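These notes concern the structure reproduced below.
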Amino acid sequence: MTDTVERIVIEGEGITVPLLVWRRFKRPMPGIVEQVFEMNQNLADLGLFLPVGTEVLMPIPTPRPAPIVEPVRLWGD
């Protein structure tokens, strides 16, 4: 599922795990927040906002090739 892991250090206040994922990928990434909590077992114990200086391991998913979709023809040639 993931090929790489990136280490991120929290440098500001008011950062949550979902916000961290959004800032990293700039788009919805289903399942990544859950993976972050799985990779960082003690992260949930820190509270809603991550303390400054906290190191977080972030999974970086391997991009999948786009599926080839055949066009639907409504009328014949």
Note to self: Need the failing condition index for LEU20 against (1) assigned to a loop (DSSP other than H, G, I, E, B); (2) out of contact with any Phe, Trp or Tyr (no Cβ under 7 Å at 6 or more places or on another chain), just the number.
What the structure shows: (1)
Margin query: List the residue pairs whose Cβ atoms are under 6 Å apart, where the first residue sits in segment 53-77 and is in contact (Cβ under 8 Å) with a residue 40 or more places away in the chain, the second is surrounded by fewer than 10 Cβ atoms within 10 Å (Cβ to Cβ) and of a type in the set (S, T, N, Q), and the two are 6 or more positions apart or on different chains.
Written below: ILE60/THR4
Check: Which condition number in (1) outside any loop (DSSP other than H, G, I, E, B); (2) closer than 17 Å to THR16 by Cβ; (3) among the aliphatic types (A, V, I, L, M) is the one that ILE60 fails?
Finding: (2)
Checklist line | Count - residues of segment 32-57 that are small (Gly, Ala, Ser) and either over 12 Å from VAL17 (Cα atoms) or part of a helix (DSSP H, G or I) (or both) | finding: 2
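Please enumerate the residues belonging to segment 20-77 that are of a type in the set (Lys, Arg) and under 17 Å from ILE10 (Cβ atoms).
Let us first name the residues in segment 20-77 that are of a type in the set (Lys, Arg), namely 23-24, 26-27, 64, 73.
Correct list: ARG23, ARG24.
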Next item on the list: Give segment 1-33 a look and list any residue that's within 18 Å of PRO63 (Cβ to Cβ), surrounded by 10 or more Cβ atoms within 10 Å (Cβ to Cβ) and in contact (Cβ under 8 Å) with a residue 40 or more places away in the chain, or say none.
Entry: THR2, VAL5, GLU6
Margin query: On the basis of being in contact with an Asp or Glu (Cβ under 6 Å, 6 or more places away or on another chain), at pLDDT 90 or above and under 18 Å from VAL5 (Cα atoms), does MET39 make the cut?
Written below: no
Next item on the list: Could you check how many residues of segment 6-57 are under 12 Å from the mean Cα position of the chain (by Cα) and among the small types (Gly, Ala, Ser)?
Entry: 1
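The values are calculated or read from the model by the stated rules, or taken from the named source; none is laboratory data. Given the structure is predicted, the values throughout are model-derived calculations rather than measurements. In this analysis, Cβ positions are derived from the backbone assuming ideal geometry, glycine residues included, and neighbour counts consider all displayed protein chains.
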